[in-house]
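Inspection log for the structure reproduced underneath, given as structure tokens.
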Amino acid sequence: MKEKKNWIIRVVTALVCFCTSGVAFWLLGIRVLQYKECWSTFYYNSKIANEILSIEGLPYLVRTFFLQFFANPIHGAIVIASLLTCIMIALTITTKKVKNIWMKNALPLFFTFIIGTLIATSLSGMGLLQVFGFHVDPQNMQFMRLSVMTRHQDWDAIISETGDNTPISNLLIQNTLNTALAEKGILGDKIFDQPCEDIRSIYVDVIKTPEIAAMLSDIYYSMGHIAQAQRYAFEANEKMNNLSPRLLQRLVQTNIIYGQYDVAKKYLKWLDNAYYYHDWCEHYYTLLSDNTSNADPEISMKRKCLIEDNRFSGIRGLDDDLLHIARATKGTTQCRTTLHYLGSLYILAGYEQQFVSMIDEFKGTPDLPQPLPHYFEEYYKRAKTE
């Protein structure tokens, strides 16, 4: 009877360990670890592994092995919860000589908690207090969540996440929100719902980290400015030791858009060594020719954005490039998105004449139907009367 009671207590303890650690790491996964996986995942390739070992060391390699599972936070939580449960069971066996039944089960739980905390600290790259929610910058945490949503083009979720009417003072969060609003075709209706001072509300002009460069790549890709999107992705990836799956994906996309299939194939072969990207790579392998890539809706639309007159990117100003992109993509969602960016930039920069000219060219079309977006209409009327 006593042995049966002990067995029941151990099973319940193991289930408690699995469930609590699973929930904890799922929450940490959707807040932080999914974002961390964007920059460094595990590649099943001996050459890459040896290179990482020589540069970063074994702890980094182990860290990326467990981070890879947080490409899907549920998978990551299950893997870590299973690991911690196995550790707890092993500790239970080592403490079997302890006479007090409650102490016999409490000690393994306590040490498993300590090990789990160390794992969370290592995977997240955060301090011990931050893992428990202390000294955490809420805006930094929000930017991580929004960055993951941007990667998955979940524009509605971004708008919902930032739609509590609280003024946004962080430019990175404002950039991300405005990207989502442009993609939904409502930036011209919402641009001044948040405090805006200048064009930095659309894109920041100081690149301090690879993460900011990656955000700019997302913004330019959304605008249709493929050259700049590729440039910032390439530069950020170099600083990430060419190990960021998120940036490798962008480099695959932009090189296919440019028809640089051999270069795209090089990045695909690299990325295909990561387990969670195999299906994504399989799709893009099928696009390594003009016939198949032109049939892909996103690639064919972005290909229309390419500037054909061999100008140096941005030499005539970003606004001139965006105007060219809008004209080249008339009748598509890309044109609508680009016009919302361009009109907002004109307003923020105070370019009244250029704004009026743009509106006169596109108003009443499916890309900029009447009535005009709220803030576009206000600025247009004011500019016409001055």
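For the chain, the longest principal axis of the alpha carbon atoms and the long axis of helix 2-28 meet at an angle near 20°.
The distance linking the range 17-35 with the range 234-300 is 30 Å (Cα centroid to Cα centroid, whole angstrom). A dipole drawn for the range 2-131 from +1 and -1 charges on Cβ atoms has a positive end, and of GLY22, GLY57, CYS38 the residue lying farthest that way is GLY22.
About the centre of its Cα atoms, the range 2-131 shows a dipole size close to 800 debye [charges on the beta carbon of Lys, Arg (+1) and Asp, Glu (-1) only; nearest 20 debye]. Computed from point charges on the beta carbon alone (+1 for Lys and Arg, -1 for Asp and Glu), the dipole magnitude for the chain about its Cα centre is near 2220 Debye. Residues whose amide H falls under 5 Å from that of LEU368, counting only those 5 or more places apart or on a different chain, are absent, with hydrogens built in the peptide plane. Our summary of shape: the Cα atoms of the range 2-131 have principal axis extents of 54, 28, 26 Å, ordered from largest down, in whole angstrom.
How large is the charge dipole for the range 146-245, taken about the Cα centre, if only the Cβ atoms of Lys, Arg (+1) and Asp, Glu (-1) carry charge, to the nearest 20 debye? Walk me through the intermediate numbers first.
On the way: 7 positive and 14 negative charges, 55 e Å.
Computed about the Cα centre, the dipole is about 260 debye.
Entry for the range 295-386 at q = 0.17, 0.25 Å⁻¹: log10 I(q)/I(0) = -0.73, -1.31, Debye formula applied to identical alpha-carbon scatterers, no solvent contribution. Can you give the angle from 0 to 90° between the axis of helix 352-362 and the longest principal axis of the chain, with both taken from C-alpha atoms, to the nearest 10? Between helix and principal axis, roughly 90 degrees.
The distance between label points at ASP156 and PHE110 comes to 4.9 nm (points 7 Å beyond Cα on the Cα→Cβ vector).
Which pairs break 20 Å Cα to Cα here: LYS302/LYS363; LYS36/LYS239; LYS304/LYS381? Could the numbers behind the result be given before it?
Values: LYS302/LYS363 23 Å; LYS36/LYS239 15 Å; LYS304/LYS381 32 Å.
From the list (LYS302/LYS363; LYS36/LYS239; LYS304/LYS381), the Cα-Cα distance tops 20 Å for LYS302/LYS363; LYS304/LYS381.
The stretch between ASN72 and GLN353 holds 96.3 nm of extra length on full extension. This uses 0.36 nm per residue minus the Cα-Cα distance.
Peptide packing: for 16-29, 33-46, 281-294, 372-385, the average count of neighbouring Cβ atoms within 10 Å per residue gives the ranking 33-46, 16-29, 372-385, 281-294, highest mean first. Along the range 45-59 the Karplus relation, 6.51 cos²θ - 1.76 cosθ + 1.60 evaluated at θ = phi - 60°, assigns HN-Hα couplings of 8, 5, 5, 5, 4, 5, 5, 5, 4, 6, 9, 9, x, 4, x Hz to successive residues, with x for each Gly and Pro.
Can you give the FRET efficiency for SER54 and ASP164, using 1/(1 + (r/R0)^6), R0 = 51 Å, r = Cβ-Cβ distance, to the nearest 0.05? About 0.60, to the nearest 0.05. Of the peptides 201-213, 73-85, the order by per-residue mean of other Cβ atoms within 10 Å, starting with the highest, comes out as 73-85, 201-213. Measuring between their Cα centroids, the range 326-360 and the range 179-193 lie 13 Å from each other. Compute the angle between helix 318-328 and the longest alpha-carbon principal axis of the chain, please, reported from 0 to 90 degrees and rounded to the nearest 10. Roughly 80 degrees between the two axes.
Relative contact order, percent, of the chain when contacts are C-alpha pairs under 8 Å separated by at least 6 residues?
After rounding, I find 15 percent.
Run the numbers for GLU378 and ASN291: contour at 0.36 nm per residue of separation, minus the present Cα-Cα distance, in nm. Walk me through the numbers before you get to the answer.
Working: separation 87, 0.36 × 87 = 31.32 nm, distance 4.50 nm.
Separation in residues times 0.36 nm, less the Cα-Cα distance, equals 26.8 nm.
We did not get these values from a lab; they are worked out from the coordinates using the rules stated. No experiment lies behind these values; they were computed from the predicted model shown. Note that we place each Cβ from the backbone using ideal geometry, even for glycine, and neighbour counts take in every protein chain shown.
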